[in-house]
Amino acid sequence: MIEAGAAAPDFSLSNQDGDTVSLKDLEGQYSVLVFYPLDFSPICTDQLSVYQEVLPELEARGAKLYGISVDSAFAHKAFQDHLGTSIPLLADFQPKGEVAKAYGVYIDERGHNQRALVLIGPDLAVLWAHQSPTPLEIPGANLIFDALDAVAV
Amino acid sequence: MLGDAGPLVFEYADLECPYCAKANLLLTGLPVQRVFRHFPIVSKHSRARVLAHALEAAGMQGRFWEMHGSLLADQGHLDDPHLWERCEQLGLDVTRFDADRRSGAVAERVERDFRSGVRAGVMTTPTLFVDGVAHPGVPGAELIAQLGG
């Protein structure tokens, strides 16, 4: 997996509304990429639901969250509506998992992402990265707050 | 707290979550001391926070665990008229209940619980803490046995 200190690998992905979100759009802000396995799997649902609950607090600290999975933009739209979340969801759909592979969080034999969090700084450098030991373990929202504390945001 | 002896079990739960209802059935009657912590996930369960506030308000009239059991025993009836009906069944002052559940003190209490859960890494409901160890999800047979079941 990508490590702190590395330059964040470039990407350009469609969000749930079909709009393109690129790495350069993240310049000047703290961003957390939330890599997760699949839309509509029960555990992902809890993960993004809890992040949604603390989103106002994270945004108050200047951090923005982006979910990334291999699902299509259309699936992301339905998933976002289902969750009632405002967290943008990026479609790493074609070529499948290309961005996850660049960040070293793709599980080849399963065809989806590992659960991972990547904090990117305003200068687009990776400040912190965390990968769950297994896709069943959900990275707690506390890890994001701890990471922001560590870089004094 | 429910129970006066045995290991302490802190449970983070969402009153609209069916898994929390199942966990409650499994924990009922175990020789443990249960401490309830609110963890309403509103984006998933639109009534979760309202119910958390209602439970606290019932607690202010000494009927916390009775309301807790009542809500989790029938999650199909969680609208306001159902809450008032439950209050009447439990002998609560409904006017006071309605004032209390909308009070700032109750909201703060629930928010404090939620924040403590986030800090402890809670990401799903229910999550039980026994001896400082987190057990996310419906407690399994091993944990229930450990708790004397």
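The values are calculated or read from the model by the stated rules, or taken from the named source; none is laboratory data. The model shown is predicted, which means the values in this text are computed figures rather than measured ones. Every residue, glycine among them, receives a Cβ derived from its backbone with ideal geometry; neighbour counts consider all protein chains shown.
Quickly run through the range A:81-103 and pick out the residues that are of a type outside the set (A, V, I, L, M, F, W, C), more than 14 Å from the chain's Cα centre (by Cα) and within 13 Å of chain B (Cβ to nearest Cβ). Within the range A:81-103, A:81, A:82, A:84 qualify.
Among the residues making up the range A:32-48, those that are under 13 Å from the mean Cα position of the chain (by Cα) and of a type outside the set (Ser, Thr, Tyr) are A:32, A:33, A:34, A:35, A:37, A:38, A:39, A:44, A:47, A:48. Of all residues in the range A:93-120, which are closer than 30 Å to residue B:46 by Cβ and in a loop (DSSP other than H, G, I, E, B)? Across the range A:93-120, the qualifying residue is only A:115.
So that you can scan it fast, the table gives a plain yes or no per residue for (1) over 9 Å from the mean Cα position of the chain (by Cα); (2) over 19 Å from residue B:136 (Cβ atoms); (3) away from every other protein chain (no Cβ under 14 Å):
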| site | (1), (2), (3) |
| --- | --- |
| B:17 | yes, no, no |
| B:20 | no, no, no |
| B:25 | yes, no, yes |
| B:31 | yes, yes, yes |
| B:36 | no, no, yes |
| B:49 | yes, yes, no |
| B:70 | yes, yes, yes |
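Answer yes or no as to whether residue A:56 is within 14 Å of chain B (Cβ to nearest Cβ), of a type outside the set (A, V, I, L, M), over 23 Å from residue B:119 (Cβ atoms) and free of Cβ contacts under 8 Å to residues at least 40 places away in the same chain. Judged against the criteria, residue A:56 is not a match.
From A:123, A:146, grab the single residue that is surrounded by fewer than 16 Cβ atoms within 10 Å (Cβ to Cβ) and part of a helix (DSSP H, G or I).
Details: A:123 fails: part of a helix (DSSP H, G or I).
Going through A:123, A:146 in turn, the sole match is A:146.
Which one is farthest from the other protein chains (Cβ to nearest Cβ) among residues in the range A:32-46 that are part of a loop (DSSP other than H, G, I, E, B) and either under 27 Å from residue A:125 (Cβ atoms) or without any contact (Cβ under 8 Å) to a residue 24 or more places away in the chain (or both)? Ranking the qualifying residues of the range A:32-46, first place goes to A:37.
Output the residue which, of all residues in the range A:21-31 that are of a type outside the set (D, E, K, R) and under 24 Å from residue A:150 (Cα atoms), is nearest to the other protein chains (Cβ to nearest Cβ). Selected residue: A:30. Of the residues making up the range B:65-74, not a single one is surrounded by fewer than 16 Cβ atoms within 10 Å (Cβ to Cβ), over 16 Å from residue B:24 (Cβ atoms), at pLDDT 95 or above and not hydrophobic (A, V, I, L, M, F, W, C). Reported count of residues in the range A:25-64, each being aliphatic (A, V, I, L, M), crowded, with 22+ Cβ neighbours inside 10 Å and either within 16 Å of residue A:99 (Cα to Cα) or modelled with pLDDT of 95 or more (or both), is 3. Close contacts from the range A:134-151, counting a first residue that is facing chain B (nearest Cβ under 10 Å) and a second that is part of a loop (DSSP other than H, G, I, E, B) and among the β-branched types (Val, Ile, Thr), with Cβ to Cβ under 8 Å and a gap of 6+ residues or different chains, come to A:138/B:124; A:140/B:122. The conditions of being buried (at least 20 other Cβ atoms within 10 Å of the Cβ), within 14 Å of another protein chain (Cβ to nearest Cβ) and under 22 Å from residue A:3 (Cα atoms) are not met by residue A:116. Note on the range B:125-149: residues that are in a loop (DSSP other than H, G, I, E, B), within 14 Å of chain A (Cβ to nearest Cβ) and free of Cβ contacts under 8 Å to residues at least 24 places away in the same chain total 1.
Restricting attention to the range A:8-31, the residues being within 15 Å of the chain's Cα centre (by Cα) and outside any strand (DSSP E or B) number 9.
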